[in-house]
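One structure is given here, and the rest of the page talks about it.
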Amino acid sequence: MKNIFLFFSLLLFMCACVQNKTYTALDPENFVSTKDGKETALFTLKNDNGMVAQFTNYGARLVSLYVPDRDGNFQDVTWGYETIEDYFNSTDIYCGPIVGRYGNRINKGKFSLNGKDYQLTLNNNGNHLHGGTQGFECKVWDTEYVSKPGNDVLKMSYYAKDGEEGYPGDLDISVYYSLTDDNALKIEYQATSKDTTIINPTSHAYFNLAGTSDVTILNHVLKINASNFTPTDQSLIPTGEIRKLTGSPLDFRQPTAIGKRIDTQCEALIYGQGYDHNYILDKKNKQITEAAVIYSPESGIEMSVLTDQPALQFYSGNFMDGTLTGKYGDVHNYRTGFALEAQNYPDAPNHDHFPSAILNPGETYTQTTIYKFGVKE
Ligand code: GLA
């Protein structure tokens, strides 16, 4: 009898742990540290429906994002770590930050502006990726809550000096995170530069809408509103071609499970080791339009990505190898998280027919990208 009692107590305790796994408030104390003489911390936004988002100013990172599933239980749908030290040790997977000054790749880190050649740092197979070895994701951003009409807004700002990672121009960038009452995480960017420069910041948040990173994202059903993509060479640098997606396993215009065609033996999927491609969104101007919709049959959570950007990088977590452990002890295994990064095309500064990434003095770079959540029965 005593044993049966013990067994049921243990069972109840385990259920409570599972429950907690989906909605554990992170300890702000674990985010207090200093880097480059600046203090790091954890910041929280909430909306009227109980949705919660947490951030750290180290890399302007999204740390956790609690959204309701089809049963009304809150699930944490983004990857993150429980301590700032874990973030200091895991920079190369770009977990949740704003990456830049130029998100994505630049061929051999070279480009020319106004007749002058520039060489950026090389950190990815002889190319430049996500702003270099010490990109925006490694910087401590100045952070404050600001009042704007509507919900609380978290403003994070960084001043990138002329020459940093090889980029020209002192750049002043601010990112505004907010949670709206229609359950959306809104990210607005603004930047100005003293000299002509190039810019392409993006959020590198990883998601797993099943509410746990213990399972792969291969069951997620994805739709991307793009009819074309930019094929690449083996090191994922665009060749310059703009190719139609019709007939390709990369075509997500009809909602399709990510796992259905991911191992097709075609050049693009072999080079990316899965999906790691730039989709050219079907749009003509800088209006905010729906770029993608993705849904987890496990939780019923559906996420729409809306943006004013011309393209979307879809990355299916192909370089995860299980060496990093995130929140709740979830191991970051192969294809257990995906990223949908709204941005300009990779290597745009080296292709005149790609949208311009140039920012001139006196101009203001802006971007709005929204990750909106709902449920599907
Ligand atoms: C991006 C790239 C991928 C990979 C990840 C980080 O999304 O496109 O190739 O480098 O970042 O691991």
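Taking the helices alone, the chain has a mean residue ellipticity at 222 nm of -2500 deg cm²/dmol, built from -39,500 (n - 2.57) per DSSP H run of at least 4 residues and averaged over all its residues.
In the distance distribution for the chain, Cα-Cα pairs more than 28 Å apart total 43 percent. If the chain linking D152 and R243 were pulled fully straight, counting 0.36 nm for each residue of separation and taking away their Cα-Cα distance, it would gain 28.6 nm. For the set C266, C138, the ranking by accessible area, highest first and with no ligand, DNA or RNA atoms included, is C266, C138 under a 1.4 Å probe. Modelled spin labels at Q190 and I288, positioned 7 Å past Cα toward Cβ, are 1.5 nm from each other. Here the label points at S112 and D71, each 7 Å from Cα along the C-beta direction, are separated by 6.2 nm in the simple model.
Largest GNM mean-square fluctuation among T256, T232, T364, using the chain with Cα springs under 10 Å: T364. The accessible area of Y271, taken with all protein chains in place and a 1.4 Å probe, comes to roughly 60 Å².
Surface composition of the stretch 166-278: carbon and sulfur make up 45 percent of the accessible area, probe 1.4 Å.
Compactness of the stretch 211-375, taken as the C-alpha radius of gyration over 2.2 N^0.38 Å, stands at 1.06.
Please state the relative contact order of the chain as a whole percent: Cα pairs under 8 Å, 6+ residues apart?
So the answer I get is 17 percent.
Of all aspartates and glutamates in the structure, those lying under 12 Å Cα to Cα from K372, and not within fewer than 8 positions of it along the same chain, are D181, D182, E290, E302. Seen against the Cα atoms of the chain and their longest principal axis, helix 2-22 is set at about 20 degrees. Remark: the stretch 201-291 carries 43 Å² of accessible area per residue (probe radius 1.4 Å; ligands, DNA and RNA excluded). Counting only aspartates and glutamates at least 8 places from K194 when in the same chain, those with an alpha carbon closer than 12 Å to its own are D162, D170, D172, E363. The length gained by stretching the chain between T34 and D142 to full extension, at 0.36 nm per residue less their Cα-Cα distance, is 37.6 nm. Ordering T83, T34, T336 by accessible surface, largest first, gives T34, T83, T336; the 1.4 Å probe counts only protein heavy atoms, with every chain in place.
Using only the Cα atoms of the stretch 86-240, construct the convex hull and provide its projected area averaged over every direction, in square nanometres to one decimal.
Values: hull surface 48.4 nm².
The directionally averaged projection comes out at 12.1 nm².
Here the simple spin-label model places points 7 Å from the Cα toward Cβ, and for C266 and E377 these points are separated by 3.6 nm.
You can think of it this way: the chain between K46 and D214 has 57.9 nm of extra reach, that is 0.36 nm per residue less the Cα-Cα gap. Counting only protein chain heavy atoms and rolling a 1.4 Å probe, the accessible areas of K116, K223 rank, largest first, as K116, K223.
The values are calculated or read from the model by the stated rules, or taken from the named source; none is laboratory data. This is a predicted model, so every value here is computed, not measured. No Cβ is skipped: glycine too gets one built from the backbone with ideal geometry, and neighbour counts run over all protein chains shown. With ligands, DNA and RNA removed, areas are computed over all heavy atoms of the protein, side chains included. Shrake-Rupley method; radii C 1.70, N 1.55, O 1.52, S 1.80 Å.
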